[in-house]
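All remarks here apply to the structure that follows.
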Amino acid sequence: MKVNTFLSKTKIVFDSLVQKRVVIGNQSADLDSIVSSISMAFYLTSKVHNSVPYVPIINSTKSLIKTKKECMFLFDYLSIDIERDLVFINEWKKDIDDVILVDHNELDSKEKELEIEDKVSAIIDHHLDKKLFMNAEPRIVDTAVGSCSTLIANLFFQSNIQLDASFAAMMMFPILSDTNNLTCRASEQDKQIAQHLNTIAKIDPKWLYLQIEKFKFDISDEDLITLLNKDYKQYVTNSSSWGMSSVNFSVHEWIQKSKDDLIKVKKFMQEKNLFFYAILSCYKNLSEFKRDLILVGDKTLILNFEENMRDNVSSVEKNEYCGLNYILYDVDQVSFTRKYFQPELEKIIKMYI
Ligand SMILES: [Mn+2]
């Protein structure tokens, strides 16, 4: 079965009156989260003959997804109509009685509001294990892989479920994207799975990766707030909210050029009620990938970071502007993603609040 055929079936189920089982990715709703939810829904549906389809749910809004050019490229490639074929989290319904989490293993604040705590029955993820939902089955949390889709593709290969070329191609998108075409953060398993998928998908991985990269780094016509929202995650530590965006431009360069934008950042934080906000970049300098990081918060918190952030970053600038305190770092290695920094930052925040 093709991906778009499967999705149209799930949409019928979602709009009907039957009890629903859903698969939901993380709140950043990046390629990995979207693809993981669709492929896991198909895996669970295919495992049982004549099963009512599991419905993948996109953990974001339609309007935000439309700003993500690499996601729109994926939908285009698979002839998925985002108006017709996809379900978004704001369409949540009361008769959903089984929730599978992919690409995350704890509930975000929006999910908590939906009161689904006692409905989570399975987890497939590659982030730091928060040891929640210990009775979930399966419960696979493997931080070694670059992409959650690798873990789901592996489930397919361990079963005898037929995989259409469209599904195989779809799962290659996040694996190649998250590992820079298997050159960074790629485990042996990512490499093997990508190769295996490609025997079915038969696409040139180099071409596919370059296309994704082109769309991901094309920020020419975007305003700052859209860019900050595109790949954003919000966390709660000791009942206070903080957030972290991943962006595709150098934060240092941006601050140097347009310091006034920090006022927009201040507004962004106020709107989301954040006491602390981090922006982690991944950008291309000549042909090399680099990262920098800015941390924004009150004076004491920033001082706390200055004293405790020692590993894998070097401080570039600490400053105050329009009542915002911030510290700017160069990140030593491009392999340090948000997945790495989130628990690091959380540790330091906990010392402070
Ligand atoms: Mn992921």
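Could you sort Met40, Met1 by their accessible area in this structure, using a 1.4 Å probe and putting the largest first? Please list the in-between numbers first.
Values: Met40 0, Met1 95 Å².
My answer, sorted largest first, is Met1, Met40.
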| Hey, what's segment 3-215 come to in accessible area per residue, 1.4 Å probe, Å²? | 42 Å²
| query | Given H placed on each backbone N at 1.01 Å, which residues far from Glu222 in sequence or on other chains put an amide H within less than 5 Å of it? | reply | none
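By accessible area of protein heavy atoms, probe 1.4 Å, what ranking do Tyr43, Tyr329 get, highest first?
Numbers: Tyr43 25, Tyr329 5 Å².
In descending accessible area the options line up as Tyr43, Tyr329.
When the accessible area of the chain is computed with all protein chains present and a 1.4 Å probe, what percentage of it is carbon and sulfur? Each step should come with its number before you reach the end.
Numbers: 7580 of 15600 Å².
Carbon with sulfur: 49 percent of the solvent-accessible area.
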| Residue-averaged [θ]222 nm for the chain, counting only DSSP H segments that reach four residues, each worth -39500 (n - 2.57) | -13000 deg cm²/dmol
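How big is the Kirkwood radius of segment 166-227, worked out from every pair of different alpha carbons and given in Å to one decimal? Provide the component values of the computation, followed by the final result.
Numbers: mean 1/r = 0.0806 Å⁻¹.
This gives a value of 12.4 Å.
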| request: Output the Cα-based Rg and Dmax of segment 129-257 in Å, rounding Rg to one decimal and Dmax to a whole number. | output: 17.8, 55
| task | Give the span of segment 3-215's Cα atoms along each principal axis, as three whole-Å numbers ordered largest to smallest. | result | 44, 36, 35
| Separation of segment 146-168 and segment 79-106 by C-alpha centroid, Å? | 20 Å
| message | Rounded to two decimals, what is the ratio between the C-alpha radius of gyration of segment 239-353 and 2.2 N^0.38 Å? | response | 1.00
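Taking the Cα centre of the chain as origin, work out the dipole magnitude from +1 charges on Lys and Arg Cβ and -1 charges on Asp and Glu Cβ, in debye rounded to 20. Spell out each step's value before the answer.
Working: 43 positive and 51 negative charges, 67 e Å.
It works out to roughly 320 debye.
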| Of Phe156, Phe42, Phe275, which is the most mobile in a GNM of the chain whose springs link Cα atoms less than 10 angstrom apart? | Phe275
| query | Sorting Met351, Met72 by accessible area (1.4 Å probe), largest first, what list results? | reply | Met351, Met72
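The values are calculated or read from the model by the stated rules, or taken from the named source; none is laboratory data. Everything numeric in this text was worked out from a predicted model, so none of it was measured. Every residue, glycine as well, gets a Cβ built from its backbone with ideal geometry; the counts of neighbours run over all protein chains shown. To get the accessible areas, we keep the full protein, side chains included, count just its heavy atoms, and leave off ligands, DNA and RNA. Shrake-Rupley method; radii C 1.70, N 1.55, O 1.52, S 1.80 Å.
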